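Comments concern the structure below.
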Amino acid sequence: MSKTTVFSYFALCLPILALVVWLVASSQKEGQPRTTVALDAPSIAVAVATPEERAFEQKLEEIGASLSGTVGIAVEDVDTGELYEFNGDEMLPQQSVTKLWVAMAALSQVDQGDLKLTERVRIGRDDLTLFHQPIREIVKARGSYDTNYRDLFERSITRSDNTANDRLLRRVGGPEVVQKWLSDNQLDGIRFGTDERSKQSAIAGLNWSPFYSIDRQFYEARDRVPDAIRRAAFEGYLADPIDGASANAIASALAKLARGDLLGENTTMLLRNTLEQTRSGPRRLKGGAPDGWRVEHKTGTGQVYGDEQSGYNDVGILTSPDGREYAVAVLIGRTSEPTPVRMDMMQQVTIAIAEFHAARKDAVGEPILVGAES
């Protein structure tokens, strides 16, 4: 429950408590000894936000509202499960954040013995996709690339390589398998969608063709799409994103990952260590991290039409120097703000988390450690 909803809950409880008191008082007859009424029902625990928590959520609201466009922000304290958010329930496009769910589904199969990351795989020209895919240069130079699934997993996360992601996706069984994994783990509010080349083609008003993976053929084909069709495809995607997710849902999923609720101990450690090596988005969430903070994150960046960006995201786990973990999701569904402004907004979220952490420590007068009562 968000801290902003606690007060409404408390307000609902007050009339009930008042009624109980009135009934007890009115049941007493003059001259009779006052009876004691035992309430055996479980007591109602009402969590009241601390001044630090109220200030933090207010800060998130200010940060989110400062950017023109559609923004969702969520921060979950991994240790307590407390969620702080701004527009955290709206379904917004994930773009390459979905590579996280492919990676987790694959690692789940590793846990079950259905996949070995050492398994060999060959990447050929037919495997190439769109946009960012550093692996394409290897394939172009050699004709093919012989590697294993651990390499594809690492390239997908750390370099956001679309070809590596789509090939790993096919190995785990396709989009339906990833979506089933999300559902089986009760990660509601997250849609996987489909592979990168199909999704990106559709957003541009095109149907995928292997021809698009060659040089600038996709861009040239996209430029030939009539404006009305391109606009309809772009707006249709934003209105109901095939890869939509809420910031709250993503933060919750990352908190579950951090607590070890989604994968085995070794695969959890592998994914988290890999997320720490992410090369994309060094000036998004990571750019605001103070010295000593660990940042494990995955970015997502969508297409631009006119002056609007569709999907500009960063999500991850931030760990303080004393070990407190915060799962974070910052999603920009659409905006025409310059890129430096978007990155600054994300950095402000990280800075706010660090300041909140410090304020809580100051309030209790001692370090807040993982597993400690706060």
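Among the residues of segment 210-236, the one identified as without any contact (Cβ under 8 Å) to a residue 60 or more places away in the chain, within 25 Å of Leu92 (Cα to Cα) and basic (Lys, Arg) is Arg222.
Being in a loop (DSSP other than H, G, I, E, B), of a type outside the set (A, V, I, L, M, F, W, C) and touching a residue at least 12 places away in the same chain (Cβ under 8 Å) is the requirement here; does Ser201 meet it? Spelling it out, it is not the case that Ser201 is in a loop (DSSP other than H, G, I, E, B), of a type outside the set (A, V, I, L, M, F, W, C) and touching a residue at least 12 places away in the same chain (Cβ under 8 Å).
For segment 304-341, the set of residues classified as among the hydroxyl-bearing types (Ser, Thr, Tyr) and out of contact with any His (no Cβ under 7 Å at 6 or more places or on another chain) consists of Tyr305, Ser310, Tyr312, Thr319, Tyr326, Thr335, Ser336, Thr339, listed by residue number. Kindly establish whether Gly189 is in contact with a Ser or Thr (Cβ under 7 Å, 6 or more places away or on another chain), within 21 Å of Phe131 (Cα to Cα) and at pLDDT 95 or above. For Gly189, the condition - in contact with a Ser or Thr (Cβ under 7 Å, 6 or more places away or on another chain), within 21 Å of Phe131 (Cα to Cα) and at pLDDT 95 or above - is not met. Those helices (runs of 4 or more DSSP H) of segment 210-263 in which 3 or more residues are assigned by TED's automatic domain parsing to the domain that holds Tyr84 and touching a strand residue (DSSP E or B) at 6+ places or on another chain (Cβ under 9 Å) occupy 227-239, 247-258. The set of residues from segment 271-317 being more than 22 Å from Glu76 (Cα to Cα) and either of a type in the set (Lys, Arg) or in a helix (DSSP H, G or I) (or both) comprises just one member, Arg279. Annotation note: of Ile351, Ile317, Ile332, the sole residue that is in the same structural domain as Thr70 (by TED's automatic domain parsing), touching a Gly at 6+ places or on another chain (Cβ under 9 Å), modelled with pLDDT of 95 or more and within 21 Å of Glu52 (Cα to Cα) is Ile351.
Residues in segment 301-338 that are buried (at least 22 other Cβ atoms within 10 Å of the Cβ) and of a type in the set (Val, Ile, Thr): Thr301, Val315, Ile317, Val328, Val330, Ile332.
Consider segment 318-331 and keep the residues that are assigned to a loop (DSSP other than H, G, I, E, B) and not small (Gly, Ala, Ser). The one that is farthest from Val97 (Cα to Cα) is Asp322. Per the conditions (1) surrounded by 17 or more Cβ atoms within 10 Å (Cβ to Cβ); (2) among the aromatic types (Phe, Trp, Tyr); (3) not in a loop (DSSP other than H, G, I, E, B), the sole criterion not satisfied by Phe192 is (3). Inspection of segment 90-98 finds no residue satisfying the criterion of being farther than 26 Å from Ser213 by Cβ, at pLDDT 95 or above and more than 14 Å from the chain's Cα centre (by Cα).
Evaluate the following for Ser209: is it surrounded by fewer than 18 Cβ atoms within 10 Å (Cβ to Cβ) and over 24 Å from the mean Cα position of the chain (by Cα)? Yes, satisfied. No other residue among Asp126, Asp114 is without any contact (Cβ under 8 Å) to a residue 60 or more places away in the chain and either farther than 23 Å from Ser198 by Cβ or of a type in the set (Asp, Glu) (or both) apart from Asp114.
The values are calculated or read from the model by the stated rules, or taken from the named source; none is laboratory data. What you see is a predicted model, and the numbers here were worked out from it, not measured in a lab. Note: ideal-geometry Cβ built from the backbone for every residue, glycine included; neighbour counts use all protein chains shown.
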